[in-house]
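Participant: Take a look at this one; I'll ask things after.
The values are calculated or read from the model by the stated rules, or taken from the named source; none is laboratory data. On a predicted model such as this, the values are computed, not experimentally measured, just so you know. Glycine also receives a Cβ, built like all others from the backbone with ideal geometry; neighbour counts cover every protein chain displayed. Just the protein is used for accessible areas: all its heavy atoms, side chains included, with ligands, DNA and RNA removed. Shrake-Rupley method; radii C 1.70, N 1.55, O 1.52, S 1.80 Å.
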Amino acid sequence: AAGVIQSPRHLIKEKRETATLKCYPIPRHDTVYWYQQGPGQDPQFLISFYEKMQSDKGSIPDRFSAQQFSDYHSELNMSSLELGDSALYFCASSLNGRISYNEQFFGPGTRLTVL
Amino acid sequence: SQQGEEDPQALSIQEGENATMNCSYKTSINNLQWYRQNSGRGLVHLILIRSNEREKHSGRLRVTLDTSKKSSSLLITASRAADTASYFCATDTYGNKLVFGAGTILRVKS
């Protein structure tokens, strides 16, 4: 079965550079979530989109922005990168995010290293 | 962690033994989900238990939920070396986002 696809899988950037992470949800899933997992930490929710509209926002820095496109893929844009942004970034998708049972399926993650 | 604690933080057992991990949370929930993560890799969805359910089984996994105590447990029976991973509980608090616990590191020795 098709899973959530994330690209790139690994990314190395310098401080103050920008990065764009991409997420392709499971076909027919209408909700996309972004999470950040620092070293040895649990995943922290950043932002989500339902039917291309932002549905919830967590601890996402102002330097980050995201959107969901008409084909339901999503991109997380990160600017003015800082050393502390080094983390695993996960995308997850679910079907009908607004109904009661919200089973989220995660992609393999993008490992971002900021030097 | 934002939502609660998992205990133990680390667990080391022999192959064939059972492993039990506990998760506590702070707010009312819609459902609780358990995930497995191998060494900094992707999160694999294991099981979802709804707030109106008390127990659920999937293969060698058994999950319980006690909403009065705001706690859940994950039991892995007849553990295997391949079960070695970090296990996270995550709660859906009606806002669609998942709030994760701190995780339990399980090591199964062969």
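Participant: Computed over the Cα atoms of the protein assembly as shown, what is the convex hull's projected area averaged over all directions, in nm²? Intermediate values should be presented prior to the final figure.
Facilitator: On the way: hull surface 48.0 nm².
Result: 12.0 nm².
Participant: Which loop-located trypsin sites (Lys or Arg not before Pro) does segment B:57-110 contain, where loop means any DSSP state but H, G, I, E or B and the Cβ has at most 12 other Cβ atoms within 10 Å?
Facilitator: Passing sites in segment B:57-110 are B:LYS69, B:ARG80.
Participant: Give me the inter-chain shielding for B:37-44: mean count of other chain Cβ atoms within 10 Å, whole number please. Display every interim value, and only then the final one.
Facilitator: On the way: counts 7, 0, 0, 6, 4, 10, 12, 2.
Taking all residues of B:37-44 together, the mean is 5.
Participant: Then there is this: Using only atoms on other chains, find how many Cβ atoms lie within 10 Å of each Cβ of peptide A:43-52 and report the average.
Facilitator: Mean partner-chain Cβ count within 10 Å for A:43-52: 3.
Participant: On a straight-distance basis, which aspartates and glutamates could pair with B:LYS69 in a cross-link, Cα separation under 19 angstrom, same-chain partners fewer than 8 positions away excluded?
Facilitator: Leaving aside aspartates and glutamates fewer than 8 places away in the same chain, those within reach of B:LYS69 are B:GLU5, B:GLU6, B:ASP7, B:GLU53, B:GLU55, B:ASP92.
Participant: Take the cross-link list A:LYS22/B:LYS70; B:LYS56/B:LYS109; B:LYS70/B:LYS109 and give me the ones stretching past 29 Å between alpha-carbons. Please report the intermediate quantities before stating the final value.
Facilitator: Details: A:LYS22/B:LYS70 36 Å; B:LYS56/B:LYS109 27 Å; B:LYS70/B:LYS109 31 Å.
Over 29 Å apart, Cα to Cα: A:LYS22/B:LYS70; B:LYS70/B:LYS109.
Participant: While we're on this one: From the protein chains alone at 1.4 Å, what is the descending order of accessible area for A:LEU83, B:LEU46, A:LEU76, largest first?
Facilitator: A:LEU83, B:LEU46, A:LEU76
Participant: Next question, about the same structure. Just checking the output field for A:35-41: average partner chain Cβ neighbours within 10 Å of each residue's Cβ?
Facilitator: 3
Participant: Another question, then. I'd like the per residue volume of the convex hull spanned by the Cα atoms of chain A, given in cubic angstrom.
Facilitator: 97 Å³
Participant: With a cap of 16 neighbouring Cβ atoms within 10 Å, and only residues DSSP puts in a loop, list the chymotrypsin sites (Phe, Trp or Tyr not before Pro) found in segment A:1-89. Each step should come with its number before you reach the end.
Facilitator: Numbers: sites: A:TYR33, A:TRP34, A:TYR35, A:PHE45, A:PHE49, A:TYR50, A:PHE64, A:PHE69, A:TYR72, A:TYR89; in loops: A:PHE69, A:TYR72.
Taking segment A:1-89 and a limit of 16 other Cβ atoms within 10 Å, the loop chymotrypsin sites (Phe, Trp or Tyr not before Pro) found are A:PHE69.
Participant: Tell me the Kirkwood hydrodynamic radius of chain B in angstroms, computed as one over the mean inverse distance between distinct C-alpha pairs.
Facilitator: 13.8 Å
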